[in-house]
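Have a look at the structure below before the remarks.
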Amino acid sequence: MSDHRILVVANETCAGRALLEELRGRVRPGSEVLVVAPALNSRLRHILADTDGAYAAAEERLAESIEALRAAGITASGAVGDSDPVQAIEDALVEFEATEIVISTHPIERSNWLEKKVVEGAKERFELPIMHVVVDLAAERGPAQVR
């Protein structure tokens, strides 16, 4: 087991340039990286225990993020997590003894996680260093690709 283990929690921002750059700066030889993509679901689908679509979408985002990390020279593994990002962190820490946590979100005007105070909640709950990275996918794609 490595003495440097980074737990990354991200949704759509998994393959964002800002997150990749942050991780490139943090990863050193022998580092282990685990990416957790929460299986986000609507409240109604969650109540009805209809989680298959959310899980499949999270698996797809996770595969894309692992591929992007590998293309950036970062070896990582991944897991689908709970729909609550803070709970997903807690669950991951049971099996992955992280030395630091990186939470990636959209900018404040587009981030449901920031609205729900996920970063603050994680800082209150866990005694590990937590880095918050903001990924602006619209800016990364450029004006021609923004829908």
**Exclusive hit being over 18 Å from L34 (Cβ atoms) and part of a helix (DSSP H, G or I), set A54, A58** = A54
**Prompt:** Just wondering, is there one or more residues in region 131-144 that are out of contact with any helix residue (DSSP H, G or I) (no Cβ under 9 Å at 6 or more places or on another chain) and within 19 Å of R26 (Cα to Cα)?
**Reply:** no
**Prompt:** How many residues are within 17 Å of E12 (Cα to Cα) and either out of contact with any helix residue (DSSP H, G or I) (no Cβ under 9 Å at 6 or more places or on another chain) or modelled with pLDDT of 85 or more (or both) if we restrict to region 40-66?
**Reply:** 12
**Asked** Could we say that I89 is without any contact (Cβ under 8 Å) to a residue 60 or more places away in the chain and either in contact with a Ser or Thr (Cβ under 9 Å, 6 or more places away or on another chain) or farther than 21 Å from R28 by Cβ (or both) here?
**Response** no
**Message:** Please return the ranges of helices (runs of 4 or more DSSP H) entirely within region 67-147 where 1 or more residues are at pLDDT below 90 and crowded, with 16+ Cβ neighbours inside 10 Å.
**Reply:** 112-115, 137-141
**Message:** List pairs: first residue in region 56-82 and in contact (Cβ under 8 Å) with a residue 12 or more places away in the chain and of a type in the set (A, V, I, L, M, F, W, C), second residue surrounded by fewer than 17 Cβ atoms within 10 Å (Cβ to Cβ) and in a loop (DSSP other than H, G, I, E, B) anywhere in the structure, Cβ distance under 9 angstrom, at least six positions apart or on different chains.
**Reply:** L69/T75
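The values are calculated or read from the model by the stated rules, or taken from the named source; none is laboratory data. Since this is a predicted model, take the numbers as computed values, not measurements. Cβ: placed from backbone, ideal geometry, glycine included. Neighbour counts: every protein chain shown.
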